[in-house]
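Structure first, commentary second.
The values are calculated or read from the model by the stated rules, or taken from the named source; none is laboratory data. Just so it is clear, the structure is predicted and the values come from calculations on it, not from any experiment. No Cβ is skipped: glycine too gets one built from the backbone with ideal geometry, and neighbour counts run over all protein chains shown.
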Amino acid sequence: MVYAPRKITFPFFIIVFSIVFLGMLYLVFLNKPIDVSDNPQPVVSVVGDKVVLKMTLVNNTKTIVNGITVEVRSDQYNRSFFLKSGKEDSNLAPGERYDFVAELPVSKTLKYDVLIYAPFSAPKLLNFKLNEENINPISANVENFPTALFVGENYDYLTKICNISKTNISEVRWFATADRGYFKEQDAITGDFVGRAVGVDSSQCKTFYSTLTPIKAGNVQFVFRWKVGDIEQQATKDAVIEVR
C-alpha cells in the first residue's frame, strides 16, 4: 500500500476546503441573481381594506433561479409568499421579469419589511412605511342620538359611515353595545345590538337608522365600534333613561 506524504496531503486538503468554503460564501452572500426593478417602483399602499405590495422581480443571471420566497414582516404579520402558482412554480428563467402582488389585511401597522430570497442566493431586503392617514379610511358619526329617554318609548338615531379614502372598501363592520338589560333591542347576555356590514365606495357615505326602546330607568353608556380589516375605531355616548 502506498501512502501520500503528509506534506503533500495536508496542503491539498487546505486548498480544496478553501475552494469549497469560498464557493459557498459566494453563493450565500455575494450571489444576487434576483433584483427588484425600479421601473415601476416597488410600492406598498392601502387599497380598500387591504394593504397591497407590488413590485417587479428580475432574474439577472443566465440560469434559472428556483425556490424564490417573498417574506413580508411587520409588528403584526410575518407571512411568506411564492411566485406564480405556488412553491413548485416559484422560479424565474434567465432574464425573466415577474410582477409580484401580495395582499394583507389592513392594520395599524405603518412599517413593513420585505425579504426576497432563494437557495444559495444573498437575500434582498426592502423597507416601506405608510402614512398614518392612509390606514384610517373611514369616518363614522352617530347623529340625532337621544341622550334623554323614557321607558317604553321608541327612539330612532342615524349612523353615517363615509369612505374618505381614494379606493372602494368592500366591507365596513359596525357594532353597537350598551350596558345590559336597558333596551328591548339588546342581546340579553352580551348587551350587543344587531351588527351591520356595508360596502362604501370612495368618497361616498352610507347611512342607516337604528331604534332604541328603553325597558328600565338608569344611566347608560353606549360604545360604537367600526372595523375595516384589522383596524378598529370607536366612539362613546352617554344617555339617561327615566320613567315618565
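Tabulated data for the structure shown
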{"read-out": "Hits in the range 185-208 (condition: of a type in the set (Ser, Thr, Tyr) and either surrounded by 14 or more Cβ atoms within 10 Å (Cβ to Cβ) or in contact (Cβ under 8 Å) with a residue 40 or more places away in the chain (or both))", "value": "203, 207"}
{"read-out": "Those residues of the range 137-162 which are assigned to a strand (DSSP E or B) and at pLDDT below 90, in sequence order", "value": "138, 139"}
{"read-out": "Residue, surrounded by the most Cβ atoms within 10 Å (Cβ to Cβ), within the range 40-84, restricted to residues that are of a type in the set (Val, Ile, Thr), under 18 Å from residue 122 (Cβ atoms) and touching a Gly at 6+ places or on another chain (Cβ under 9 Å)", "value": "61"}
{"read-out": "The range 41-66 residues that are under 14 Å from residue 114 (Cα atoms), paired with ones that are surrounded by fewer than 15 Cβ atoms within 10 Å (Cβ to Cβ) and aliphatic (A, V, I, L, M) (beta carbon under 9 Å, 6 or more apart)", "value": "52/43; 52/101; 53/43; 53/101; 54/43; 54/101; 55/43; 55/101"}
{"read-out": "Where residue 180 falls short, out of the listed (1) loosely packed, with under 13 Cβ neighbours inside 10 Å; (2) free of Cβ contacts under 8 Å to residues at least 24 places away in the same chain; (3) outside the structural domain of residue 37 (by TED's automatic domain parsing)", "value": "(1)"}
{"read-out": "Total residues in the range 166-179, condition out of contact with any Ser or Thr (no Cβ under 6 Å at 6 or more places or on another chain) and not in a strand (DSSP E or B)", "value": "1"}
{"read-out": "Any hit, the range 13-32, residues being at pLDDT below 80, of a type outside the set (S, T, N, Q) and touching a strand residue (DSSP E or B) at 6+ places or on another chain (Cβ under 8 Å)", "value": "yes"}
{"read-out": "Filter result (out of contact with any Asp or Glu (no Cβ under 7 Å at 6 or more places or on another chain) and charged (D, E, K, R)) within the range 34-57", "value": "35, 38, 54"}
{"read-out": "Residue 190 among the hydroxyl-bearing types (Ser, Thr, Tyr), over 30 Å from residue 45 (Cα atoms), at pLDDT 95 or above and touching a Lys or Arg at 6+ places or on another chain (Cβ under 8 Å)", "value": "no"}
